Amino acid sequence: MRIKSILKLSFLFIGIMGSFNAFAKKNLADDFYDQDPDILHKAPTLGWYYDDYQDKYYPFPKQLRDYRWIMGRNGWMPNDAFVGGFEPNRQLYICQAYYMDGVHPGKFIDGLTGGTCHIGYGGQEIVIHDRYRILVGRGLGWMYAANGYVPRNAVVGGSEDGHPLYVCRANYSGGKHPGKIIGKHCMFGYAGVEIMQSYYEVLINLQQ
């Protein structure tokens, strides 16, 4: 009887934790799409990141207020978007988008019929058409790095599993492509696949 009681309690605990994690992930999506200015402007401006276990935003230490993320939809982008890279004959901007329970930084391509946010995930290039955020601001620059190194004044571009994702860019196929640092690589989408580069640049706050 005692063993049965312990098993019942164990299954109950697992069920509660599963429900809690699902609730936290749902709130991450709700927060990303919410039109509340405290979510879309205040939190991203302060460089906050989302902890899905605590269901809260937390400020990244000493992050300054010289940049912010502006919500965009259906190809729109702000006029003062921060240029984060290039491909032959066009500039690339920095975006972030909600996908698979995380917020992922990537590159925004401004095409003739509207723009799209491109992120790398699971070995593929994911293209976001409807809702995303665009980085605008000043006092930002780039620092060369390699093999997963992140400087103390790196800019947070999103979060996954409660951990901040930092904005990077790397050379590939005649261009410089914005993406995110995962492990020891800068990762970004290109031509339908996710590219990994060991040598890259990290976006930093020059005034920190």
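Quick note: the coordinates plus some simple rules give every number you see, no bench work behind them. Note that this is a predicted model, so its numbers are computed, not measured. For neighbour counting, all protein chains shown are included, and Cβ atoms are generated from backbone atoms with ideal geometry for every residue, glycine included.
Among Val202, Val136, what is the fewest-to-most ranking by other Cβ atoms within 10 Å?
Final ranking by Cβ density, sparse to dense: Val136, Val202.
Quick check on the exposure proxy: order Val167, Val127 from fewest to most C-beta atoms within 10 angstrom.
Arranged by neighbour count, lowest to highest, Val167, Val127 become Val127, Val167.
Rounded, prolate or oblate: which fits the range 57-205 when a ≥ b ≥ c are the square roots of the eigenvalues of the alpha-carbon gyration tensor, with rounded for a/c under 1.5 and prolate only if a/b beats b/c?
Taking the square roots of the gyration eigenvalues as a ≥ b ≥ c, the range 57-205 is rounded.
To make sure I understand, if each residue's beta carbon is the centre and we count other beta carbons within 10 Å, what order do Val150, Val83 fall in, fewest to most?
Val83, Val150
Given the Cα-Cα distance of Gln124 and Asn147 and 0.36 nm per residue of separation, how much length would full extension add, in nm?
6.2 nm
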